[in-house]
Each structure stands twice: as C-alpha cells, then as structure tokens.
Amino acid sequence: MIAILRANPLLLLFAVAAIGYPLGRLRIGKSSLGIAAVLFVGLSFGAIDRELILPELVYQLGLVLFVYTVGTSSGPAFFDALRRKGLRDNAFVLALLMLAAALAAVLGNAFALGAGQTAGLFTGALTNTPALAGVLEYLTHNAGSGGAAALTAPIVGYSIAYPVGVIGVIAAIAIAQRVLKVDYAREATALHETGATQAPLVSRSIRVTRLSGESIGALITRGDWQVRFVRVRQGGEVRLAADDTVLRVGDTISAVGEADDIERLTAALGTEAAEPLELDRGDLDFRRIFVSHPRVLARRLGDLALQTRFGAVVTRVRRGDVDLLASDDTVLEPGDRVRVVAPRERTAALNEFFGDSYRHLSEIDVLTFSLGVGGGLLLGLLPIPLPGGGLFRLGIAGGPLLVALALSKVDRTGPLVWSLPYGANLTLRQFGLLLFLAGIGTRAGDAFMTTLMSRGGLILFGSGLALTMVTAGLALWIGYRLLRIPMSLLVGMLAGLQTSPAVLSYATEQTGNDAPNVGYATVYPVAMIAKIILAQLLVSLLA
C-alpha cells in the first residue's frame, strides 16, 4: 500500500482527506479539530514514510482558493463593521497580535528555537495557515541554502502549537464567562437594540386606529423603526403598499421587521389585526426566487424599480441561513433568495427577471474568478523592502486576500460580477483548505514526529500554550473590563483574532445568538493580513 501511495499522489491526497475529515468531526466536549484534522493525518502519513509527500503545487493551489474565497465572502461584513466601531476593534486586535509576535520572539530566543520554528510557533498558537504559507514562501525566496530543512521547521512548530491554539482559546472563553458571570441573554437584547446584530424577522398586519392622513413614505422617514411595508387593505381591496399610499382609520397594513420595531410600529398605528393580510392570496401572492441572472447581480434593490416594472416588492433576502430585511440599499449577491410579493400573473415574469436558476448557483464565472486570483498573485509577487535589507512579499496568501477584499467592495465592474455564489464559495473554500492542509502535512510528517518525541517538542508545546493563553486572556480581560465590549461580540472577535472557525463555532454555541459572527467578521480580514506580515517579520528579524 505504501508503494502504491508513493506512486500515486492523487490517491494519497484523497486517502488523507477521507481519513482526516471524519476524524475532525469527532467532538471532545463541545470542541473538535474540524478540517484541521486533515493536517494531522497528513503528518501521520509523512511520518510513516518520508516519500509519502504531495507535490508543492497542491498546497499552493489550496491556499490560493482558501484565502480568495474568504476575502470575497467576509469583505462586505468587514467594510460594514468599519462604519460602526470597527476601527477601534481592529486597532485592539492589531495591538494584541503585535504583542503576541513580540512574546513569540522572546520565547524563541529564550529556548533557541530558531527563526523558522518561532514563526511556526506564532502561526500555530494563533491558528493561521495562510500566515504559515507566507513564512514558507518567504523562506523559499530568502532561505538560500537552507533547502527543505528550512521549510520544515515552521511546519513542525505550527503543527505542535496548533492544537493548543484551538483548545487553549476555548478553555479561556469557558473560564472567562464563568469568572465574569456573563449574561448572554441580556447582552443579546442590548445588541439588538443598538443595531449591532439582527433579531429574527417577524411579519404582522396592523389595524389603523390612531394615525390618519399620513403617507407610508412619511412614516418611513420619521419613524423609529426599520420595517418593510408590504400590503394594505383599503375599502375591501388589498394591494401593495407604496410610499404615496395614505393611511386612514380602518385600513389594515402589513409590515416585516424585527420584533421590537414591529411592536413600536403597532403602538403608533393601532392594534394587531385579527386576520393577517398574507392569508389573502387572491390577487397578491408571494414567492421565494433565486437570484442568478447577471442583470440583477450586485445591484441595489432600489435601482431595479420592481414596483414600477412588475407591481412587486421584495420583503426579505435570504443569504446563507439568515433572513435579511430588504431595503432599497440591499445589494443582491449570487445565491440570494428573495421573497417577492406581487400580483399572481406577474410571478412568471419575476422568475425570469431574477433568473431563479438553482443550477447557476453552483457555477462560478471563470473569467472574473481567474482575473481576481491572477491579480492577487501578481500583487503577492511585489517585493517590499524590510529593515535590515530583507524583502517582504504578501505572497500567494496575502495578495489574493487583499484583492478579494477590494473586489468584494467594488462588487461589479460593468458586466463583470466579482462576487461568488454562496454555495460555490463555501465549496471552494473547504476544498482549498483541505488541499493546503494535506499538502503541508505530508511534507513535514517525518520532521514532526522526530521533534515531537524529543525535548524540543515539549518546549514547543509549552511555548505554544503560553502564547495562546496570554493572548486570549489579555483579549478577554482588556476587551470586557476596559473597552466594555459585550462578551457576545468579544468572543467572536477573539475567534477572528485566532482566525479560527472552530473557536467561532464554540463561541456561537455558548452565546446562543449571532453576535460572535459579527465580531468575527469585523476583525477577521485585518487579523489575517497582520499575521501574514508579522510571521514573515519574525523570520526576517530572528534570522
């Protein structure tokens, strides 16, 4: 079997994946390694036989796919978060990462780990595979005669410190929420009220008994609510609500929004109607339609003039597993499902207008995808001088990530749509990470096992534990006590600092709300880029 795997790298790749993926789903308490288990299976194969290695192109391709898809998916949330308290939060995370890099340098000097292992220790304790890839690429361009041994050292440091980077942070969160007696339910209510997170959407029909002679447009402008008005019944006739619709006592109006907003609207207009208007589907009907046609991708709902063209209104946009309240400023992405209310006879035309193609949701635009990735690779090749005469490159990790973030902000250039369908993005991201972890795992297995069984392995493990716990502990204490960041957001920010989906999953389970996702998206891109740069600086300065 070993001889067969040596001669067939593709078979080796899928053997590592087939064993590692189910192992990663095994849970110990409330945590698991996830897809990172593929790395450890790859290390095991490499330890069995030093010739069981995957070609270098495998992990390079995997890394590019992973970082580019992460950038395109997290970009909108990142830029949106910056408009709130994102600058403060990202500055906080950046300061912590610089402190962690300094601590890694101190540990590396104290235990004579060498530049490569110190950088690997930093990337492993902070669970960042793109930063490790940046280190490997830096060493490839600057290591000189170090050869394969120089590339192996960071992988070994990363592999030994990585489990601590996951488990240690989870332990820090568990301890902090007990010691600080965090009330996640109360925090969730406060976050909904400030608009930092979105509560589930509800629909309600309201009988107008208080206001009279005021238009819906005026209600939207002056109201203390974020709602979408849908239907109105006047004189026995049900039609779509428009900005110029004037409400009178006795009318019934339906609206969609968060529960608190709907309650305030009800108190202002009258009382909840006994019979919801959406039950009357005689003239107006509602459908969920997939967004797939190029004409609507990366367009604002307000620019589509749906009410003028079709007599229709979009009330909700389902993106992934979340329902978003539609507004004129909502930008449609590939893979969205819009809930449209329209006259029954116009539904076929609306299906054609939006595309409604499930097949297209799994396809990518090869032209824009290739242009984006190619631009990122070119950016990664640009040399940036470092103190001491060395050169720094964003590399195949940082270049595609930065370009993807920029393109997610642009969204569309003429006929070119830069965003990826939600499902296709997730598939490419997971497959890319699998390729990367399997590739670097098999290539470092022999050195990993040798180091693990030696005194050096114990030093690396202890150093990784110290680095992880100090960084996580300071993040939770300073963030909660001094900066007054709600713990629901803070644990997500810590997961973003670690760039760890496993930590984010644990944080979401603990809070019971989506606030950790907001914190994660706020700092993730900056943390990713900062660690790529800091890891290479460690190698440069300690060499």
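Observations on the model:
- Dipole of the chain [Lys/Arg +1, Asp/Glu -1 at C-beta], most positive-end residue of A495, Y506, L136: L136
- Cα-centred dipole magnitude for the chain, charges only on beta-carbon of K, R (+1) and D, E (-1), debye, nearest 20: 600 debye
- Angle between the chain longest axis and helix 501-511 axis [Cα atoms, degrees, rounded to 10]: 50 degrees
- Sorting E363, E51 by accessible area puts them as E51, E363; the probe is 1.4 Å, largest comes first, and only protein heavy atoms count.
- The residues of region 250-342 expose on average 42 square angstrom of accessible surface per residue, using a 1.4 Å probe on protein heavy atoms.
- For region 460-531, the set of trypsin sites (Lys or Arg not before Pro) satisfying both a DSSP loop assignment and a count of at most 10 other C-beta atoms within 10 Å is given as R484.
- The gain in end-to-end length when the S357 to F79 segment is fully stretched comes to 97.2 nm, 0.36 nm per residue minus the alpha carbon separation.
- Database remark: amide H of D323 closer than 5 angstrom to no amide H (H placed geometrically; neighbours at sequence offset of 5 or more, or on other chains; Pro and chain starts carry no H).
- 3J(HN,Hα) along region 267-277: 5, 6, 8, x, 9, 5, 6, 5, 10, x, 5 Hz, from the Karplus curve 6.51 cos²θ - 1.76 cosθ + 1.60 with θ = phi - 60°, whole Hz, x for Gly and Pro.
- In region 201-298, Cα pairs under 8 Å separated by at least six residues give a relative contact order of 39 percent.
- Cα-based shape type of region 392-543, given that a ≥ b ≥ c are square roots of the gyration tensor eigenvalues and the cut on a/c is 1.5: oblate
- Stretched out straight at 0.36 nm per residue, the stretch from L378 to V331 would grow longer than its current Cα-Cα span by 14.0 nm.
- A full extension of the chain between T209 and D283 corresponds to an added length of 24.1 nm, given 0.36 nm per residue minus the alpha carbon distance.
- Calculated FRET efficiency for the pair A349/E51, C-beta based, R₀ 60 Å, to 0.05: 0.45
- Region 282-339: relative contact order as a whole-number percent, Cα under 8 Å and 6+ apart: 47 percent
- Here's how it looks for R299: its modeled amide H is under 5 Å from those of L332, which are all 5 or more places away or on a different chain.
- Karplus-based coupling profile of region 465-470, in residue order and whole Hz: 4, 5, 5, 5, 5, 5, with θ = phi - 60° in 6.51 cos²θ - 1.76 cosθ + 1.60 and x standing for Gly or Pro.
- Mean separation of Cα contacts under 8 Å (6+ apart) over length of the chain, as relative contact order %: 28 percent
- Candidate values (1) 71, 50, 47; (2) 70, 61, 46; (3) 85, 50, 45 were compared with Cα extents along the principal axes in Å computed on the shown model; the agreeing label is (3).
- Since only F310, S362, G114 are under comparison, the one whose Cα sits farthest along the positive direction of the charge dipole of the chain, derived from C-beta charges on Lys, Arg, Asp and Glu, is G114.
The values are calculated or read from the model by the stated rules, or taken from the named source; none is laboratory data. Keep in mind that this is a model prediction, so the values were computed, not measured. All Cβ positions, glycine included, derive from the backbone under ideal geometry; neighbour counts span all protein chains shown. Remember, those area values only see protein heavy atoms, side chains included, never the ligands or the DNA or RNA. Shrake-Rupley method; radii C 1.70, N 1.55, O 1.52, S 1.80 Å.
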